[in-house]
Structure formats: structure tokens, C-alpha cells
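Engineer: My structure is below; once you've seen it, I'll send some questions.
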Amino acid sequence: MKRTRWSNQLAFILAAIGSAVGLGNIWKFPYIAGENGGGAFVLVYLVCIAAIGIPIFIAELFIGQHAQCNAVAAFEKLTSKGTPWRVSGWIGVLAAFLILSFYSVVGGWVLSFLTKGIANRFVGQPAEVVRGYMASIIGDAKASIFWHTVFMAIVIGIVIMGIKDGVERWNKVLMPGFFALLVALFVRAAFLPGFPLALTFLFAPDTSRLTAAGILEAVGHSFFTLSVGMGAIITYGSYLGEKQELPRIAFLIGLADTLVAMIAGVVIFSIVFSAGLKPEAGPTLMFQTLPVLFASMAGGYYIAVAFFLLVLFAAVTSAVSLLEVVVAYVDEHWNLNRTKGTLLVGGVIYTLGLLCATSNNLLSHVTVLGYNFFSLFDTVSSNYLLPIGGLLISLFYGWVLGKKAIRSTLGAHADSPFWLHSLLWCARILAPVGVFLVLLNSILPGGILALLGIASER
Ligand code: PFF
């Protein structure tokens, strides 16, 4: 059977940006930055993107492109059958299930806000009314389940059409459109009274507000936002044909992804500080701030509709890449056809998502380790599975595939000692050790410093 291939390099880059840029940038980043005190959290996040996220992105692209198969089989194909490294692929498949099940619920919220925008429910309404919409959606089991169903149906439909016809065509138009609208909102936010405070909040680090849990969250989010640590980029990389400049592509995608998150953060916090709201509002933050801005803007009706349409698109392209990880595996492993495989996997994820859709209403009394299902799936996947998956992928790339692979990744720059040693060092030591220390720090009561403190007292 002939494997699908991206039509050209641009199509691939746009698809990879489509996977990376999503709800993580515009919904999750601002709210977790708000919960963790802003600047210092953002700094850790940016360092992680540059020093850990981008090298792992490169590693995943390389693994995918050379293996030309799904993320579990890739590790076997590049070493030997039954290799323990395939656990990294398993972690990815599990993470895809968990992430997509809550991601789809948030995608559903976006859909519901899109219909509110179309029905002109923002413009001219008092801010309290607009802000109240969110509570009424998450508190309503029927609405949450309905919109989760619609969102999953869209994603399943696109994955059935196939990655090429489904994703490529729309990406070319809508991703640039999304970026342009975000820049326009940024310009508008620059005239709000809360704009300077938003900049200070996000970019002036106050290390006293950083906790071990906050550092772990920043590391986890740097994986989540770049879609690394779980084989999504291995899978997309496996549809790449001829040689490409992988480091350049990874850098470009990392830059685009970071820019979107920063712009979204500044816009949202400008509204927060202009309206005297609290930065630590949690997962509802985006939905309680942006519609208020649209309500009072010239052309607010059209901007609201365009905005939610584009966020929906960004969410769908990311969700498609999550589903694709599992579908590629199931199709190739069990020899299922694409339609059957997608319906099967999508159905299971949809069912799991029902737990998330009802975790703020029907099942709000059910908690596991103090989390409802929605936050449990988010925390387990983003803060643990992705970093552990990423740690294994970078060890595999740096030590098992080794110097030869890194040279081959660098192509024309393979003779530059600077690039060779930087990538080698990041993949072999910095990324795995950094992730390990952060995980350890968050598990030990009192963190690593307390451990060192005890050691120095002895
Ligand atoms: N990167 C996506 C976002 O920021 O919304 C989420 C995501 C997609 C995570 C694909 C992981 C993944 F494999």
C-alpha cells in the first residue's frame, strides 16, 4: 500500500503549524500563565520551548521521516522488533486519547460561542451578561455534550477524508487568516488602559510567585503547545518524503507557535486588567474576556464571528493531529481501513470525552486525587505523559540513533561544530535531565532545594 505524502513542503509546514497552534495557545496558555502569576512562569515556558521543545520537535520529525510509519512502530523500525523504546509510542497513544477527550469539550465551547456570535448575543450587551454565558454552558450537561458531539463529528469526518484532502486544503487559507485577525486584535488591545499592566504581568518575571507545580506546568505546557512528546510530530513527519531542513522547520514552527501564544496572552490580559478582572480565573478566562471586547468594538459582530470561526479551525487542525496518531497506529497495526479505524478510535475518545463534558455539571461531585475528570485528564497527560514521552524520545534520538542521526538531521550544517554540539547536547543531556529534574522537583515534598537543604545540614 502506498503511503500518503504531503503535496509539498509548504503543505507540511502549515499542517505542522496547524497541529501546534490551537487551543493550547489561545485558551490554555493565558489561563495557566494567569494562575501561576505571569512573568516568571512565562520565562520558564520560553526557555523550555527553546532548549527542550524545539530539539524534541526536531527529533520527532527525524524519527518519523526515517521510519515512514506510525509512532509505535517507528521505534521498532529504527532499531529492532520488540524494542523497549516502543513504550514511548504507547505513551503517545495513551496521551492522544486523554488529551483529545478534554480538548473536544473545549472545542465544543468554542462552537457554542461561535453560534452566540452569529446570533448577535455579544454586541451591545452588558459585560456581566456576556461573561455569564460561560457558566451557563459548562453548568449545562446537555449543551456541553451536544457541542462535544458536534466537535468530535467534525474531527472524525476530516480524519476519514484523509490527512491530505482533509487538512491541507483548508490550512493554506485559514491559518494565515487566524494570524492576521490575532494581530488586528492585538492592535486594538494596545489602546486599552490595561495594556501596559498586561505587558508587565506577562513579561516582568517575579520569581517569588514560581512554585514547583508551576514549573512543572510550564514544562508540560511547552510540550503540549508544540504537540511534542506523544508522537504527533512523528506521525506527521512520517508523511514527509524527500530530505528537508528539519531544524529550520522546527524553529519556524516554534516561533509561530510562541508568537500566537504571546499575542493571545497580551490581548486577554489587557482586557482582564482594563475591566478589573482576576488573572487567575482558570479555564473560563478566554471565554469571559474576549467576547466582552467584541461587545464594545466597532464591527464587533463580524470580528466575533470571524474570531470564533478561526479559533474553531485552529482547534480542529490540532485535534485532527491528535486523532491521527492513534488512527495511523490502528490502521497500520491491524490493517483496518481508514474509515473503520477512525470511527472506532474516534468513538472511544468521544465516549471518554463524555466524562469531561459532564465533569462540571452531572459528575461535578466525582473527583479522583482531588481532580474532576476534565482536569485529571489534562494534568496526567500534559504534566506527566508528554514530558515523560519527550524525555524518552530525546534519549532515543540522542543516544540510540546518536551522532550519525544528528549529523544527518543537520544536513548542510553537519560540519558546523556549533550546531552539531548544540543539538547533541540538548538531545542527550539538557532535555532529558531537565525534564527529569522538574518531575523529581514536583514529586518530592518541598522540592529538590529542600532535599539539598537536608543534605547540606548533614
Ligand atoms: N498543540 C496543540 C495546542 O496547542 O492546542 C495541542 C496538541 C495537539 C497537543 C497535538 C498534542 C498533540 F499531539
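Read the figures in this text as sums done on the coordinates, not as results from a lab. In this text the structure is predicted, and so the values were computed from the model without any measurement. All Cβ positions, even for glycine, are placed from backbone atoms using ideal geometry, and neighbour counts span all protein chains on display.
Engineer: From the Cα trace of region 68-171, what convex hull volume per residue do you get, rounded to a whole Å³?
Structural biologist: 147
Engineer: Once phi is turned into θ = phi - 60°, what whole-Hz ³J(HN,Hα) does the Karplus curve with 6.51, -1.76 and 1.60 give for every residue of region 140-153, x standing for Gly and Pro?
Structural biologist: Those phi angles translate into 10, 4, 4, 5, 4, 5, 4, 6, 4, 5, 5, 4, 4, 5 Hz.
Engineer: If you don't mind, another one. In terms of Cα to Cα distance under 21 Å, which lysines are near enough to residue 116, apart from those fewer than 8 places away along the same chain?
Structural biologist: Here the lysines satisfying the reach criterion relative to residue 116 are 142.
Engineer: Can you work out the PRE-style zone for residue 433? Point 7 Å along Cα to Cβ, and I want the residues of region 203-240 with backbone N under 12 Å.
Structural biologist: Of the residues in region 203-240, none has backbone N under 12 Å from the label point off residue 433.
Engineer: Rounded, prolate or oblate: which fits region 1-146, taking a ≥ b ≥ c as square roots of the Cα gyration tensor eigenvalues, rounded meaning a/c under 1.5, else prolate when a/b beats b/c?
Structural biologist: prolate
Engineer: Whole angstrom only: what separates the Cα centroid of region 306-355 from the Cα centroid of region 74-120?
Structural biologist: A separation of 7 Å, based on Cα centres.
Engineer: For a quick size check, give me the Cα extents of the chain along its three principal axes, largest first, whole Å.
Structural biologist: So the extents along the principal axes, rounded to whole Å, are 63, 62, 44.
Engineer: Please list 3J(HN,Hα) in residue order for region 397-412, calculated via the Karplus relation 6.51 cos²θ - 1.76 cosθ + 1.60 where θ = phi - 60°; whole Hz, with x for glycine and proline.
Structural biologist: Working through the residues one at a time gives 5, x, 9, 7, 6, x, 4, 4, 5, 5, 4, 5, 4, 6, x, 4 Hz.
Engineer: Further question on the same structure: Helix-derived [θ] at 222 nm for the chain: sum -39500 (n - 2.57) over DSSP H runs of at least 4, divide by residue count, nearest 500?
Structural biologist: My calculation for the chain gives -23000 deg cm²/dmol from helical runs alone.
Engineer: What nm distance separates the two modelled labels at residue 191 and residue 334, each placed 7 Å from Cα along Cα→Cβ?
Structural biologist: For residue 191 paired with residue 334, the spin-label model returns 5.6 nm.
Engineer: If you don't mind, another one. Which length gain, in nm to one decimal place, applies between residue 280 and residue 206 when the Cα-Cα distance is subtracted from 0.36 nm times their residue separation?
Structural biologist: So the chain would gain 25.1 nm between residue 280 and residue 206.
Engineer: What is the distance, in nm, between label points placed 7 Å from the Cα along the Cα-to-Cβ direction at residue 366 and at residue 444?
Structural biologist: 3.7
Engineer: Express in whole angstrom the spacing between the alpha-carbon centres of region 36-69 and region 378-408.
Structural biologist: Spelled out, the Cα-based centre of one part sits 10 Å from the other.
Engineer: If you wrap a convex hull around the alpha carbons of region 51-126, what volume per residue comes out, as a whole number of Å³?
Structural biologist: 152
Engineer: Next up: What are the ³J(HN,Hα) values, in whole Hz, obtained from phi via the Karplus relation 6.51 cos²θ - 1.76 cosθ + 1.60 with θ = phi - 60°, for each residue of region 202-210 in sequence order, with x given for Gly and Pro?
Structural biologist: Taking θ as phi minus 60°, the curve returns 7, 10, 9, x, 10, 5, 5, 8, 8 Hz for region 202-210.
Engineer: While we're here: Distance check, please: which entries in 243/404; 77/340; 164/404; 77/404 exceed 20 angstrom between their Cα atoms?
Structural biologist: Violating the 20 Å Cα-Cα cut-off are 77/340; 164/404.
Engineer: By the gyration tensor of its Cα atoms, with a ≥ b ≥ c the square roots of the eigenvalues, what is the shape of region 320-430: rounded for a/c under 1.5, prolate for a/b over b/c, or oblate?
Structural biologist: Note, shape of region 320-430 comes out oblate.
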